[in-house]
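S.K.: Got a structure here, written out as structure tokens. Questions coming.
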Amino acid sequence: MTLTQSIAIIFLLFALYCGLDPFKHSTIANFPEFEAKKVDMPDWSEVPKDKDEHNLLQKSEIRFLNQVQGPESIVFDPLGRGPYTGVADGRILFWNGLSWVDFAYTSPNRSLCNPIANATPFSYVKTEHICGRPLGLRFDKKTGELYIADAYLGLLKVGPEGGLATSLATEAEGVPLRFTNDVDVDSEGNVYFTESSSIYQRRNFMQLVFSGDDSGKVLKYNPATKETTVLVRNVQFPNGISLSKDCSFFVFCEGSIGRLRKYWLKGEKDGTSEILAILPGAPDNVRVNEDGDFWVALHCRRSMFAYYTGLYPKIRKSILKLPIPTKNQYLFQIGGKLHGVIVKYSPEGKLLQILEDSEGKVVRAVSEVEEKDGQLWIGSVLMPFIAVYKL
């Protein structure tokens with residue numbers, strides 16, 4: 001047998017294995033309907049190359065280590081108290097200045113959600129559809145009510161005294177919400193929120209990332225009519241959302257594509273959207289500061305591997321059928337290791353600042369950045385702490 005024939009046989013066996021996945025060891029083995037879609041990537045030359053050469057995020061202070069598991073969103077109430085954050089076991093906690101206390105919860109099934117010894121942010125994944133998983137949090141500055149985007153239970157709110165949250169929306173256009181992610185509320189009480197996918201739930205977010213699924217939506221809840229309407233549909237992993245300082249528009253993150261998009265709420269462009277910025281990587285949440293600029297949390301920089309497999313879904317699906325652990329497939333996507341990145345953009349889409357920990361020594365992952373009193377409060381759904389960086 002010649003070398004060429006041997007290579008051909010190996011290639012054939014490889015293709016056959018990928019096509020059949022006989023041992024069901026792949027990342028998508030339990031997803032028979034899995035479909036890999038092309039990700040609408042901007043050209044590689046358009047991805048910003050700016051870097052924080054000093055790795056300034058390594059100067060962040062780690063607080064509350066192992067006291068908060070997976071603090072995705074961080075908020076302060078209208079009186080400046082807090083922070084408040086949602087954690088992996090389904091509770092929303094409040095820092096009273098001395099300790100963390102229970103403030104609110106989204107699921108009435110708390111009796112089934114006992115604490116787990118030596119827990120990690122992943123310890124509660126199997127029960128989070130029962131216990132709830134609060135992600136995006138926002139206070140109504142007028143009423144003091146806290147709006148909650150719970151990955152499984154939809155859009156909810158709770159009064160200033162906390163307790164069991166009240167459900168506001170669990171479906172849109174007759175279709176149940178599958179993965180509610182982030183939320184913001186305007187001065188009139190209108191609520192804007194994202195649904196990352198109508199197919200994949202949060203506990204399968206890896207498969208959502210790998211698929212390029214475009215069933216995501218941006219929605220509006222009208223408190224007067226109690227109606228939920230879809231503003232933007234067919235989005236590839238919509239994630240964070242934030243109103244502008246003057247509430248004339250909101251911006252939302254297109255997670256798979258790596259873009260920040262603006263949706264106009266007033267003026268001649270009312271009801272239309274446009275690209276605000278192409279980001280250096282995959283965004284999670286976005287938050288506006290007092291100056292009207294937007295802090296965007298990036299899970300990672302865009303890697304060449306993610307770029308090309310995004311453009312070629314058949315190749316991506318073949319790789320996903322290999323007996324490679326999901327964690328390793330994820331590391332391929334993010335360039336080999338966790339590394340936190342934060343970027344700040346003007347309302348016009350100009351890149352103003354970039355902070356990162358490219359080595360993942362201190363801030364290994366970022367889900368949200370909240371600016372308060374000259375400090376950045378940094379949360380992550382993957383980490384057991386909050387980091388604080390002084391500007």
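The values are calculated or read from the model by the stated rules, or taken from the named source; none is laboratory data. It should be emphasised that the depicted structure is a prediction, and the values quoted were computed from it without experimental measurement. Neighbour counts run over all protein chains shown; Cβ positions are idealised from the backbone, glycine included.
S.K.: Would you list the strands (runs of 3 or more DSSP E) that sit entirely within segment 75-139 and hold 1 or more residues that are of a type in the set (S, T, Y), in contact (Cβ under 8 Å) with a residue 24 or more places away in the chain and in contact with a strand residue (DSSP E or B) (Cβ under 8 Å, 6 or more places away or on another chain)?
M.R.: Because the criterion is at least 1 residues that are of a type in the set (S, T, Y), in contact (Cβ under 8 Å) with a residue 24 or more places away in the chain and in contact with a strand residue (DSSP E or B) (Cβ under 8 Å, 6 or more places away or on another chain), the strands (runs of 3 or more DSSP E) in segment 75-139 that meet it are 84-86, 100-105.
S.K.: Still on this structure, please answer the following. Can you find a residue in segment 192-205 that is in contact with a helix residue (DSSP H, G or I) (Cβ under 9 Å, 6 or more places away or on another chain) and either closer than 15 Å to E254 by Cα or part of a strand (DSSP E or B) (or both)?
M.R.: Taking every residue of segment 192-205 in turn, at least one turns out to be in contact with a helix residue (DSSP H, G or I) (Cβ under 9 Å, 6 or more places away or on another chain) and either closer than 15 Å to E254 by Cα or part of a strand (DSSP E or B) (or both).
S.K.: Can you say whether Q201 is farther than 17 Å from K344 by Cα, in contact (Cβ under 8 Å) with a residue 60 or more places away in the chain and crowded, with 18+ Cβ neighbours inside 10 Å, as far as the supplied structure shows?
M.R.: In short, no.
S.K.: Let me ask another. Only residues that are of a type in the set (D, E) and either under 22 Å from S215 (Cβ atoms) or not in a loop (DSSP other than H, G, I, E, B) (or both): list them for segment 230-271, please.
M.R.: E254
S.K.: To continue, here is another question. Hey, could you check segment 215-242 for residues that are basic (K, R) and surrounded by 15 or more Cβ atoms within 10 Å (Cβ to Cβ) and say which is farthest from G136 (Cα to Cα)?
M.R.: R233
S.K.: Looking at L311, L276, L298, which is the one that is touching a Lys or Arg at 6+ places or on another chain (Cβ under 6 Å) and either closer than 23 Å to L231 by Cβ or at pLDDT 95 or above (or both)?
M.R.: L276
S.K.: Cβ-Cβ below 8 Å, separation at least six or inter-chain, first residue in segment 207-218 and at positive phi and in a loop (DSSP other than H, G, I, E, B), second of a type in the set (A, V, I, L, M, F, W, C) and surrounded by 21 or more Cβ atoms within 10 Å (Cβ to Cβ): which pairs?
M.R.: Pairs that qualify, where the first residue is at positive phi and in a loop (DSSP other than H, G, I, E, B) and the partner is of a type in the set (A, V, I, L, M, F, W, C) and surrounded by 21 or more Cβ atoms within 10 Å (Cβ to Cβ), are G212/A36; G212/V39.
S.K.: Consider K245 carefully, then state whether it is buried (at least 17 other Cβ atoms within 10 Å of the Cβ) and charged (D, E, K, R).
M.R.: Judged against the criteria, K245 is not a match.
S.K.: Just the residues that are surrounded by 18 or more Cβ atoms within 10 Å (Cβ to Cβ) and among the charged types (D, E, K, R), please, taken from segment 365-391.
M.R.: Correct list: E368, E370, E371.
S.K.: Find all pairs meeting these conditions: Cβ atoms under 8 angstrom apart; at least six residues apart or on different chains; first residue within segment 235-249 and farther than 17 Å from E274 by Cβ; second residue charged (D, E, K, R) and in a loop (DSSP other than H, G, I, E, B).
M.R.: F237/D213; K245/E290; K245/D291; C247/D186; C247/K266
S.K.: Identify, from the list I319, I324, the residue that is of a type in the set (V, I, T), modelled with pLDDT under 95 and assigned to a helix (DSSP H, G or I).
M.R.: Being of a type in the set (V, I, T), modelled with pLDDT under 95 and assigned to a helix (DSSP H, G or I) holds for just one of I319, I324, which is I319.
S.K.: Could you check how many residues of segment 104-131 are at pLDDT below 90, among the aliphatic types (A, V, I, L, M) and touching a helix residue (DSSP H, G or I) at 6+ places or on another chain (Cβ under 8 Å)?
M.R.: Counting residues in segment 104-131 that are at pLDDT below 90, among the aliphatic types (A, V, I, L, M) and touching a helix residue (DSSP H, G or I) at 6+ places or on another chain (Cβ under 8 Å) gives 1.
S.K.: Further question on the same structure: Quick one: how many residues across segment 327-344 are part of a loop (DSSP other than H, G, I, E, B) and either over 14 Å from V209 (Cα atoms) or out of contact with any strand residue (DSSP E or B) (no Cβ under 6 Å at 6 or more places or on another chain) (or both)?
M.R.: 5
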